[in-house]
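Asks: The structure follows.
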Amino acid sequence: MRSPNRRPARRAATALTALALLAGGTALTTGLQLAAAPPAAALDNGLNLTPQMGFNNWNSTYCGAQFNEAMIKGIADIFVSKGLKAAGYQYVNLDDCWALPDRDAAGNLVPDPVRFPHGIKSLADYVHAKGLKFGIYSSAGDHTCDVKGFPGGLGHEQQDADLWASWGVDYLKYDNCNNQGVNAQTRYKAMGEALKKTGRPILYSICEWGSTGPWNWAQPVGNSWRTTGDISDTWQSMISIAQANQGLAGYAKPGAFNDPDMLEVGNGGMTGTEYRTHFSLWAQMAAPLMIGTDLRTAEPETFEILTNTDVIAVDQDPLGRQGTVVSREGGLVVMSKPLADGSRSVTLTNEGSYDTTVTTTAQAVGIGGATSYTVKDLWSKKSTTGDGTLSAVVPGHGTAMFRVTPRSPVSPPNGMTQLSDLPFGSVTNMWGPVERDRSNGQHERGDGQTISIRDTAYPRGLGVHAGSDIAFHLGGTCKNLVTDVGVDDEAYGNGSVVFQIYRDGTRVADSGTLTGKDRAKRLTADLTGANELRLVVTDAGDGTSWDHADWAGARIACGNGPAAGTHQLSDLAWSSAGNSWGPVEKDMSNGGNQARDGRTITIAGTTYAKGLGVNAFSEIVYYLGGACSSVTTEVGVDAEAEGRGTVSFEIYKDDVKVADSGRVTSATPAKRLTADLAGANELRLVVTDGGDGTNSDHADWAAPVLTC
């Protein structure tokens, strides 16, 4: 075994980050790029394993004169004196207007001497002396966003990054204004590479506004990415941004998070009830918590909201999962977020204007089957014990938030579940902790890198070191397990291990010896009726040096699929649904950015009463459990695109594409797609853009029928 201070670098060869991924996170080979697939591997800069927390001045000051050195120092002081630092907030950030409108003769940015008379390095030193971190702002254009026209970073990436590093900058927010039409990925990747070359760890916050679907490409580029336009201090702005961000849950993971913009809590445009909803939903969505109010004049209620440690713990949970919408009906929205200890955070939101009772169950939020549950109200702090029924009278625009903890082992939820999302029954590991969605790394939790086997990267999985033994409680409800296995690339070509899968003590799969020079091997195991699953990694008889091993993309199928017969897909509950513009709509077109704002599904003059309305990029996943045989559907661009829009429809049987419409435009008549699904655990419906961006890409799965 290597010593703790001898960590090898990643291979010099370019790692294949699998841009096209299975629903469970298994890498595919190059050649198939699925833009709407789940996320690529996160940026390996060791930062942001939980969402960033801090302060940014823009929402309270814009470019006003009150934005200056005294304000930033005052915020840093308050972070310490008012308990914000202790609650987890660490970044104190500048936004636009910190520089002069022109660079100096050497092309360097120049701090405004009126706002910052002692310069930026002195200010960063002050913030660092408080045990905090310091952030700065720029734009991926020739100028920033303010009308005064401050210089942007386009074409100056390395020069600016080096300057910021010399000042002690720890965080960059990189906006999207005045970008001269240069490709977004090109611009943001250029700055990302420049930050890496400085050698200083700088958190990279991509502020691209969701224009090009950054959730599809930003994971290996930055630590977070904006998913929408700017927030404003109104209920309608906040809740519409929350709705847009909710559909992107599958793209968030440790080190890479969806960013629905900064907090407005305390700025005065919403009620206390609405601000608590704002804070609750941002935490439930594993969003960055960047305070946007001037804390020097904040009311006690503002500090009470911002320092609710129970809500913050949900946001900062080390599992790093974004909560998903369990149900949405009549403005009543239930969300569930898995937590590392096996509990769930549950939000009950009333988007309407009047007090309403909102109810759900432990079964519905994914942790059914326990004998009883402890339920803690994260705002009132009251704890109760019960059968898992959750019910609250929620005021208009309000949210009730609970942490629900099973008091006995529970079976995995119905559907395909990543093993890295499940609690361990027991675990042993030779070297450091077992890591979720990262390699085993060194001896500290969270110090691994993206799981990678022979230069193929996996965003999901378990990183271990031989000898390792992980047990999971199944409760007899699961069907099968599929995983890739291999020695992680952090072993640098060394290491040799054996992977074994046990069902109730009986070995049901064995990899044989795999070395650091072998490619990943696929293992599957029948788990029908099993109460316990064990994943075991042993050395191959030559000792445990460098035996860093990965259960890559390991996922389990549990529960029954749809009943026998034919089903309209819009009548079934999906496992997940992602969409780049508003929510996926049932039995209507995609419409605008709000729920239920579509029209009758219409393709080339033909109307359909049933179907799914989406906007590229989109992915909808249904759990089948091996029970279904085929799906048939009409596809096309909806008439609401008004002659615009180009898309492609793809159907996947587990990880295999089994139908493809080719490029479809508004002028294309509806096409019929049919796909064989025999034996499939999952059906995935994917819509990508036609290669020309996602504007007006309103697409329909019209009258899709599933036969089981």
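Asks: Restricting to segment 193-214, count the residues that are surrounded by fewer than 24 Cβ atoms within 10 Å (Cβ to Cβ) and part of a helix (DSSP H, G or I).
Replies: Qualifying residue count, segment 193-214: 5.
Asks: Sticking with this one: Look at segment 435-456 and say how many of its residues are surrounded by fewer than 24 Cβ atoms within 10 Å (Cβ to Cβ) and either under 21 Å from Pro318 (Cα atoms) or touching a Phe, Trp or Tyr at 6+ places or on another chain (Cβ under 7 Å) (or both).
Replies: The total comes to 7.
Asks: Touching a residue at least 12 places away in the same chain (Cβ under 8 Å) and in contact with a Pro (Cβ under 6 Å, 6 or more places away or on another chain), is that true of His465?
Replies: no
Asks: Return the total of residues in segment 130-163 being of a type in the set (Asp, Glu) and open to solvent by 50 Å² or more (accessible area, probe 1.4 Å).
Replies: 2
Asks: In segment 314-369, which residues are hydroxyl-bearing (Ser, Thr, Tyr) and under 25 Å from Val584 (Cβ atoms)?
Replies: Within segment 314-369, Thr324, Ser327, Ser336, Ser345, Thr347, Thr349, Thr356, Thr359, Thr360, Thr361 meet the criteria.
Asks: With Ser696, Ser648 as the choices, which residue is part of a strand (DSSP E or B), within 18 Å of Gly613 (Cβ to Cβ), small (Gly, Ala, Ser) and open to solvent by 10 Å² or more (accessible area, probe 1.4 Å)?
Replies: Ser648
Asks: Open to solvent by less than 10 Å² (accessible area, probe 1.4 Å) and farther than 26 Å from Leu624 by Cβ: which single residue out of Val498, Val487 fits that description?
Replies: Among Val498, Val487, only Val487 is open to solvent by less than 10 Å² (accessible area, probe 1.4 Å) and farther than 26 Å from Leu624 by Cβ.
Asks: Something else about it: Inside segment 653-690, can you point out the residues that are open to solvent by less than 70 Å² (accessible area, probe 1.4 Å) and assigned to a loop (DSSP other than H, G, I, E, B)?
Replies: Scanning segment 653-690 gives Asp654, Asp655, Ser666, Thr668, Ala670, Leu677, Ala678, Gly679, Ala680, Asn681, Gly690.
Asks: If you don't mind, another one. Mind counting the residues in segment 69-119 that are within 16 Å of Tyr137 (Cα to Cα), aromatic (Phe, Trp, Tyr) and not in a strand (DSSP E or B)?
Replies: Result for segment 69-119: 2.
Asks: Right, something else. For segment 517-534, enumerate the residues that are within 21 Å of Pro409 (Cβ to Cβ) and in a loop (DSSP other than H, G, I, E, B).
Replies: Leu527, Thr528, Gly529, Ala530, Asn531
Asks: Something else: In the set Gly352, Gly386, Gly368, which member is free of Cβ contacts under 8 Å to residues at least 24 places away in the same chain and more than 30 Å from Glu444 (Cβ to Cβ)?
Replies: Every option except Gly386 fails the conditions.
Asks: Cβ-Cβ distance below 8 Å, separation of 6 or more or different chains: which pairs start in segment 84-113 with a residue that is closer than 25 Å to Leu49 by Cβ and end on one that is of a type in the set (Lys, Arg) and assigned to a loop (DSSP other than H, G, I, E, B)?
Replies: Between residues of segment 84-113 that are closer than 25 Å to Leu49 by Cβ and residues that are of a type in the set (Lys, Arg) and assigned to a loop (DSSP other than H, G, I, E, B), the close pairs are Lys85/Lys130.
Asks: So is Thr186 among the polar types (S, T, N, Q) and open to solvent by less than 10 Å² (accessible area, probe 1.4 Å) or not?
Replies: So Thr186 does not fit the description; no.
Asks: If you don't mind, another one. Here is a check on your reading of the model: is Ala42 over 30 Å from Thr688 (Cβ atoms), open to solvent by less than 40 Å² (accessible area, probe 1.4 Å) and either touching a Gly at 6+ places or on another chain (Cβ under 7 Å) or not in a loop (DSSP other than H, G, I, E, B) (or both)?
Replies: Taking the combined requirement at face value, the residue does not satisfy it.
Asks: If you take the residues of segment 502-516 that are open to solvent by 60 Å² or more (accessible area, probe 1.4 Å) and in a strand (DSSP E or B), which of them is nearest to Leu527 (Cα to Cα)?
Replies: Arg503
Asks: Restricting to segment 269-304, name every residue that is among the hydroxyl-bearing types (Ser, Thr, Tyr) and more than 20 Å from Asp95 (Cα to Cα).
Replies: Thr271, Thr273, Tyr275, Thr277, Ser280, Thr302, listed by residue number.
Asks: Still on this model: Going through segment 168-178 one residue at a time, which ones are open to solvent by less than 40 Å² (accessible area, probe 1.4 Å) and either closer than 15 Å to Phe134 by Cβ or in a loop (DSSP other than H, G, I, E, B) (or both)?
Replies: Those that are open to solvent by less than 40 Å² (accessible area, probe 1.4 Å) and either closer than 15 Å to Phe134 by Cβ or in a loop (DSSP other than H, G, I, E, B) (or both): Gly168, Val169, Asp170, Tyr171, Leu172, Lys173, Asn176, Cys177.
Asks: Please indicate, with yes or no, whether at least one residue in segment 572-587 is modelled with pLDDT of 95 or more and under 22 Å from Val658 (Cβ atoms).
Replies: Scanning segment 572-587 turns up at least one residue that is modelled with pLDDT of 95 or more and under 22 Å from Val658 (Cβ atoms).
Asks: Let me ask you something else. When the residues of segment 90-114 are narrowed to those that are among the charged types (D, E, K, R) and in contact with a strand residue (DSSP E or B) (Cβ under 9 Å, 6 or more places away or on another chain), which ends up nearest to Asn68 (Cα to Cα)?
Replies: The extreme case among them is Asp112.
Asks: From the list Gly565, Gly578, Gly529, exactly one residue is touching a residue at least 24 places away in the same chain (Cβ under 8 Å) and either touching a Pro at 6+ places or on another chain (Cβ under 6 Å) or buried (at least 16 other Cβ atoms within 10 Å of the Cβ) (or both). Which is it?
Replies: Gly578
Asks: OK, next. I'd like the residue in segment 120-145 that is under 17 Å from Met71 (Cβ atoms) and assigned to a loop (DSSP other than H, G, I, E, B) and, out of all such residues, is nearest to the chain's Cα centre (by Cα).
Replies: The selected residue is Leu132.
Asks: Output the qualifying pairs, or none if there are none: Cβ atoms under 9 angstrom, residues six or more apart or on different chains, first residue in segment 125-142 and within 18 Å of Asn57 (Cβ to Cβ) and touching a residue at least 40 places away in the same chain (Cβ under 8 Å), second residue of a type in the set (Val, Ile, Thr) and open to solvent by 50 Å² or more (accessible area, probe 1.4 Å).
Replies: Qualifying pairs under 9 Å: Lys130/Val80; Leu132/Val80.
Asks: I need the helices (runs of 4 or more DSSP H) fully contained in segment 264-339, keeping only those with at least 3 residues that are among the aromatic types (Phe, Trp, Tyr).
Replies: 272-284
Asks: How many residues does segment 89-119 hold that are within 16 Å of Gly168 (Cα to Cα) and open to solvent by 60 Å² or more (accessible area, probe 1.4 Å)?
Replies: Summing the residues that are within 16 Å of Gly168 (Cα to Cα) and open to solvent by 60 Å² or more (accessible area, probe 1.4 Å) in segment 89-119 gives 2.
Asks: Let me ask something else. Tell me yes or no: at least one residue of segment 613-620 is in contact with a His (Cβ under 9 Å, 6 or more places away or on another chain), at pLDDT below 95, crowded, with 24+ Cβ neighbours inside 10 Å and not in a strand (DSSP E or B).
Replies: Checked segment 613-620: at least one residue is in contact with a His (Cβ under 9 Å, 6 or more places away or on another chain), at pLDDT below 95, crowded, with 24+ Cβ neighbours inside 10 Å and not in a strand (DSSP E or B).
The values are calculated or read from the model by the stated rules, or taken from the named source; none is laboratory data. Because the structure is predicted, anything quoted here is derived from the model rather than measured. Reconstructed Cβ throughout: ideal geometry from the backbone, glycine too, with neighbour counts over all protein chains shown. Side chains included, ligands, DNA and RNA excluded: accessible areas come from the protein's heavy atoms. Shrake-Rupley method; radii C 1.70, N 1.55, O 1.52, S 1.80 Å.
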